[in-house]
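The values are calculated or read from the model by the stated rules, or taken from the named source; none is laboratory data. Please read these numbers as outputs of a predicted model, since none were measured by experiment. Don't worry about glycine lacking a Cβ; one is built from the backbone with ideal geometry, like all the others, and counts go over all protein chains shown. For accessibility, only protein heavy atoms count, side chains too; no ligands or nucleic acids. Shrake-Rupley method; radii C 1.70, N 1.55, O 1.52, S 1.80 Å.
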Amino acid sequence: MTLPQEENFMRKISAEEKIEPKDWMPDAYRKNLIRQISQHAHSEIIGMQPEGNWITRAPSLRRKAVLLSKVQDEAGHGLYLYSACETLGISRAEMIEQLQTGAAKYSSIFNYPTLTWADVGAIGWLVDGAAIVNQVSLQRTSYGPYSRGMIRICKEESFHQRQGYEAILALAKGSEGQKAMAQDALDRFYWPALMMFGPHDSDSAHSQKSMEWKIKRETNDDLRQKFIDQTVQQIEVLGLEHPDKAIKWNEERGHYDSSDLNWDEFWSVINGNGHCNRQRIEHHVAAHEEGEWVRDAITAYNEKKRAKQTQDAA
Amino acid sequence: MTTATEKLELFEVFVRSKRGLDHKHIGSLHAEDHEQALEYARDCYTRRSEGVSIWVVKSNDICASQEDDADCFYDPSDDKPYRHATYYVLPDPVNNM
């Protein structure tokens, strides 16, 4: 039996109306959203680490200013998403705890190390590029606060991809050594970038329900295909070699055919065995604990001010 | 572990993108007081000259109508179609009035 409120909820979903925080929603819808949005927020925050690693070693003042700006954006994106998630009734503290204890996940891509400067370019170009494909689609998600957050993030994200491509283009057009560095970064980041779209639709635990509820608007495999297609020409323009030797235009499908991914690697990194999983969380915990005194100082100052106000009023 | 964050208040942020336009709700953030909320809002929501003026309001201070009660809440104006311009049928030559 369907309850009247559930009928009303489904009516809104099928009429493309947004669901807003105070509306009735099925528990599973709320849980599914909290899982997806918090995972998205954690990805923005943890995503600052691999790039932050290069801020002090950026090759010029211009590149350093750009990278600082980009990393600052990621912190902002994390905030937009945490705020959106909080409207579902979970606190920031709970989310941070879930991240630090491993109960909540973040995108596996950030468990890969940034070994050279070219990796920073590859991240902007490929990782942010893949994120944009996903986020453009999520602008139409059924939950209002998530959708509005995505719209804001998409506006800012385009700069991320373009600065990354520009940085890698400079290397690809540089000396033999620089070109090799760009190729190496492409070879290492191309595959994990494709994995960002998640498992095949047939293996994705949450996909079907998420599509029904319009939390997700396009399937993992469709979004991945879009990214594969758009990246081919970008690699050509760089004059680099495509990491996928099986890449081939399929006239009939109107898409590129490509190799299947190394799913063992995918599951292994998700389950905590990537290069940097432990380091990323340890760093987050350390930064959080080292910031404790700042939060305490804010609270103490606030209390002192309030006491003074009460005293003045008396 | 994060008790201090819990104590911070939630603020809603409104930004006027250009003189002559309305302030528009753009998001929310945690801060300890109005002054700090304004500074955070500047850093977070106007990094690319998105605004010329910011309002911050404590979320708790907002009193909101319930959307689920919309039917009866707005009922008093629903039966007054004569408040709309299209209600009045005028001769064609003067209908662009």
Select from chain A the helices, each a whole stretch of DSSP H, whose alpha-carbon atoms run 18 Å or more along the helix axis and whose Kyte-Doolittle mean is at least -0.5; answer none if there are none. A:61-86, A:144-172, A:176-195
Return one whole number: the accessible area per residue of chain A in Å², for a 1.4 Å probe. 49
Extension length gain for A:Ala170 and A:Val294 (0.36 nm per residue less Cα distance), in nm, is 40.6 nm
Run the count for region A:115-254, please: Lys pairs, Cα-Cα under 21 angstrom, 8 or more apart or on different chains. 7
Measure nothing fancy, just the Cα-based angle from helix B:34-45's long axis to the longest principal axis of chain B, in degrees from 0 to 90, nearest 10. 80
Nearest 0.05, what FRET efficiency do A:His242 and A:Asp201 give at R0 = 22 Å with Cβ-Cβ as r? 0.35
To the nearest 100 Å², how much accessible surface do chains B and A hide from each other in total, with a 1.4 Å probe? 2200
List of region A:90-122 residues, accessible area with partners at least 40 Å² below that of the chain alone (1.4 Å probe): A:Arg92, A:Ala93
Quick check: at a probe of 1.4 Å, how many percent of the accessible area of chain B sits on carbon and sulfur atoms? 52
Over 20 Å, how big is the tail of the calculated P(r) for region A:1-148, in percent of all Cα pairs? 54
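Other chains' Cβ within 10 Å of B:32-41 residues: what's the mean?
Partner-chain Cβ atoms within 10 Å, mean over residues of B:32-41: 2.
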